[in-house]
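Below you'll find the structure, written out as C-alpha cells, and then a few comments.
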Number of protein chains: 2
Amino acid sequence: MQTLQVDLGERSYPIMIGAQLIDQGELLARHIRGKQVAIVTNDTVAPLYLERLSRSLGEFKLTPIVLPDGEAQKNWQTLQLIFDALLSARHDRNTTIVALGGGVIGDMAGFAAASYQRGVDFIQVPTTLLSQVDSSVGGKTGINHPLGKNMIGAFYQPQAVLIDTSTLVTLPSRELSAGLAEVIKYGLICDEPFLGWLEENVDRLRALDQVALTEAIKRSCEAKAKVVGADEREAGIRATLNLGHTFGHAIETHQGYGVWLHGEAVSAGTVMALEMSSRLGWISAAERDRAVRLLSRAGLPVVPPVDMNAEDFLKHMAVDKKVLNGQLRLVLLKRLGEAVVTGDFPREVLEATLSVNYDALTQ
Amino acid sequence: MQTLQVDLGERSYPIMIGAQLIDQGELLARHIRGKQVAIVTNDTVAPLYLERLSRSLGEFKLTPIVLPDGEAQKNWQTLQLIFDALLSARHDRNTTIVALGGGVIGDMAGFAAASYQRGVDFIQVPTTLLSQVDSSVGGKTGINHPLGKNMIGAFYQPQAVLIDTSTLVTLPSRELSAGLAEVIKYGLICDEPFLGWLEENVDRLRALDQVALTEAIKRSCEAKAKVVGADEREAGIRATLNLGHTFGHAIETHQGYGVWLHGEAVSAGTVMALEMSSRLGWISAAERDRAVRLLSRAGLPVVPPVDMNAEDFLKHMAVDKKVLNGQLRLVLLKRLGEAVVTGDFPREVLEATLSVNYDALTQ
C-alpha cells in the first residue's frame, strides 16, 4: 500500500492506494470517531462492493444509502434522499459518511457531509479511475443546478481517501478512458516527464495492468495533492487543474448532463485549449499534436460535438465559475508541463479557436 | 457607532452597531470586493428598507431577491429561489450576498453564500432584535428539514455585520420580546451583572429606548462574540449558547414551525432548564423564580404548550444535534451567570422536569 499525505494544516488527510484495500476495515476504522456510519453508494456499485465494505465496517452501526446511478442524479432531489435517510436513522453529529462510488457519489456524499448538521466526518472510497485521480482529492463537493454544473457546493475535506485499485476491473472501458483524460492532464499542466511515461504505458493502462495503474494513480494524486496543498480554495494555481474544463463544461451543459462523460468532455476541451495555446504561439503545432495523439490513444474523443458552434460555447462559458468581473479566464499551456490561468488573450483568438474544424485538425 | 471585532483568525469580522447605519453605504462598501451584490430580503422587510439600502449601495450592480416571509419558508424550495436569481443574473464567484432581514433571511442567505459556487462573500444587515443579538453573530447558517430544525447548513462567517438599531422601530412588539429571550440568555449563561442591568432596564427596552437597546445589543454581541471566538465549531463552550434551545426546538417542532416564535420557544425552554437546574440543586428556587420573572416582564411565555406532554418532548429531543452517541446532553445552569453542557444527570430528573405543572410553578 502506498500512502500520500495531503497537507492542509488541521484539515490534512491521507490517501491510501493499493489492491484489495476495501477488505481491510482497520484502514477506515482508525479514521472513524463515532459509532454510526452511513455508506452512500449507487445501484450500480452496490451489488459489486457494498457487501464487502459493510463486512469491513462490521463493528459500526451501518446505514446503507443506495442512490440511483448517473450524473443526471447529481441534484438536490437525490441529495435530499441522503438527508432523509440520515435523519430517519437518527445519525448525530458524530456520524461518518463514507462515499463508495465514482465522482457523482463523492460529490454528493461530500456535500451531504459538509451540510448535514453543519458538517460531519467524511471518507472517500472512490471506485472509478476519474474519482480516484481527481474528485476524491481536494475537497470539492457539490451538486448541479439546471442553470450550471457544480454551482451549489462546498469546499470540504475528507478524513481519509481509500483507493482500491482492484475495483477498476469492473469499470467499463469507456469510463477508464475518461479517467485517463485527467491523468494525462496532470502531465500537461505540471509534469512533462509523466507525459513520456504515459506515452510508454497508455496501452498497459487500458489493459488494466495493476502495476501501471497504481503508478499512474499515485503520480496523479501526488500532482493534485501538491497543487491543492498550495492553494486549497482555488485562489490561484489550483485553477490550472481545470485545463480543458471551461470548454468541457460548455460541452456537458449543451449536450445535457450524462450524454458525454465528464472526462470525454474534458478531453475535447483540452484539445481546444491546446489549439488556443498553439494559436497564441505558446506551444508548437507539433507539441499540440503530440498531446492530441496521447488523448486519442487513451480512447478519448478529441473533437467537440458536431452540433456545437462558437456561439454555443460562448453562451455556456459566460456563467463559468472562472469568469471574474465579467472577464473570461482560461487555463492554457505556456509549454507542455506548464499551465497558466489567464484572461490576457485577444478575443479573436478565442473565437478563432471555437471555429476550428477539429475533425480536420486531429486526423 | 460601536464596533466589535469577532476574533476568528483569518475569518475575523467586525460588528458595527448604531442608529441609521443602513444609510451609510461606505460602511458596507469597504467589505465588498467585487462589483456584483445580491440583496436577499423578504416581502415584509423589502417595503421598509430595501430602497434605502439599495441607495446606499448605488455604486454596485444590484440584484434584489425578495423571498416570502416566515420560518415556514426556511426550506430548500425557498433557498433555491436565491440560487435561481443569482444564476439568472450571472453572479460570479466575486459576488457579495447581503442579508437584509431577520434570522430566517440571515440563515438562508448565509447558507446560500456558503454554497453558491462553493462559497462567496456575505454581509449581514439584521433587522430584528433576535437576529441582531443571535443569528447574525457566529456563522451558523442553514435551513430546516421536515424531520428537524436547522438540520442542513454550514458554519460560514460573514465579512461584516451591520446592525442598525433604528430598524427596531418597525418590529412587532411580540418579536421584540422574542429577541429579549436571547438577550436575557446571555445574562443567565455568562454575565450575572447583566441580569441586574436587565432587571433595571427591561421596561425601557420594551419601550424601544434607543440608548438602552444599543447597550443591550452591544453587551449581547460581546458575550456571543467572546464565546464564539473561543469555540467556533461548537465543540464545547459554544453549546452553552443553546440554553433553553433543546426544549425549545422540541416545542417548535411539535407545534409546527411558525406557530411559536423561536424566542418564545426558547423562553419556555429556558424555564424548563431553570427548573431542571433547580431540581439538581445547582440553583435555588429563588434564583429560578428571579429568572422566570425577568422573562415574564420581557413579555415572554414561561410555560410550555398545554398540549405537550413528557413523551412529546422526549420524542423530539432524540434527534437534537446535541445528542452524542445516543446520550442526551443539555445546557443547564451551575449558577446564575454560569452554564454547563452535560449529559450527567439522572434520567428521572429530566422526566420529572418534563412533567412539572408550569402554570402552577410560574404563577
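Annotations for the structure displayed:
- Alpha-carbon spread of the protein assembly as shown, three principal axes, descending order, Å: 89, 59, 36
- log10 of Debye I(q)/I(0), alpha-carbon scatterers only, for region B:187-282 at 0.15 Å⁻¹: -0.76
- Two numbers describe the Cα atoms of region B:2-167: Rg and Dmax, which are 14.2, 43 Å.
- Per residue, the average separation of C-alpha pairs within less than 8 Å and at least 6 apart gives region B:2-167 a relative contact order of 27 percent.
- Gain on full stretching of the segment that runs from B:R52 to B:D23 - 0.36 nm per residue minus C-alpha separation: 9.8 nm
- Cβ-placed point charges (K, R +1; D, E -1), dipole of region B:2-167 about Cα centre in debye, nearest 20: 400
- Among the listed pairs A:K149/B:K35; B:K140/B:K226; A:K149/A:K226; A:K61/B:K149; A:K149/A:K224; A:K74/A:K140, those beyond 18 Å (Cα-Cα): A:K149/B:K35; A:K149/A:K226; A:K61/B:K149; A:K149/A:K224
- Positive-end ranking of A:T78, A:S88, B:G102 along the dipole of the protein assembly as shown, with charges on Cβ about the Cα centre, is headed by B:G102.
- Rounded to 5, percent antiparallel among DSSP beta bridges of chain A: 40
- Cα convex hull of chain A - mean projected area over all directions, nm²: 16.4
- Which of B:I65, B:Q132, B:Q36, positive extreme of dipole for chain B (C-beta unit charges): B:Q36
- Dipole magnitude of region A:59-119, debye to nearest 20 (Cβ charges: Lys/Arg +1, Asp/Glu -1, about Cα centre): 240
- The convex hull drawn around the Cα atoms of region A:88-242, when projected onto a plane and averaged over every direction, covers 10.1 nm².
- Degrees between helix A:285-297 axis and first principal axis of chain A (Cα, 0 to 90, nearest 10): 40
- Each Cα pair under 8 Å and six or more residues apart adds its sequence gap; the mean of these over the residue count of region A:173-361 is a relative contact order of 28 percent.
- Packing-based ranking, highest mean first, of A:158-168, B:80-90, A:264-274 given that Cβ atoms within 10 Å are counted: A:264-274, A:158-168, B:80-90
- Taking trypsin sites (Lys or Arg not before Pro) across region A:22-56, the ones in a DSSP loop with at most 12 further Cβ atoms lying within 10 angstrom of their Cβ are A:R30, A:R33.
- Percent antiparallel among DSSP beta bridges (both partners in region A:2-167, rounded to 5): 30
- Its Cα centre serving as origin, chain B has a Cβ charge dipole (Lys and Arg +1, Asp and Glu -1) of approximately 740 debye.
- Pairwise centroid distance, computed over Cα atoms, of region B:55-111 with region A:231-305, Å: 34
- Each label point was placed 7 Å from the Cα along the Cα-to-Cβ direction; for A:A285 and A:M1 their separation is 5.2 nm.
- Considering only the protein assembly as shown, percent of DSSP beta bridges that pair antiparallel, nearest 5: 45
- Helix B:103-115 axis versus longest C-alpha principal axis of chain B: approximately 60°, rounded to the nearest ten.
- Here r is the Cβ-Cβ distance between B:Q363 and B:D307 and R0 is 22 Å; the resulting FRET efficiency, rounded to 0.05, is 0.65.
- Each other residue within a Cβ distance under 15 Å of A:R219 adds +1 if Lys or Arg and -1 if Asp or Glu, for a net charge of -4.
- With Cα atoms as the point set, the radius of gyration and Dmax of region A:173-361 evaluate to 15.6, 46 Å.
- Of the residues A:V356, B:V341, B:P172, the one whose Cα sits farthest towards the positive end of the charge dipole of the protein assembly as shown is B:V341 (charges of +1 on Lys and Arg Cβ, -1 on Asp and Glu Cβ, taken about the Cα centre).
- Dividing the mean sequence gap of close Cα pairs (under 8 Å, 6+ apart) by how many residues chain B holds gives a relative contact order of 15 percent.
Since every read-out is calculated from the coordinates, none of them should be taken as a lab result. Here the structure is a predicted model, which is why all the values come from computation and not from measurement. FYI the Cβ positions are ideal-geometry reconstructions off the backbone, even for glycines, and counts take in every protein chain you see.
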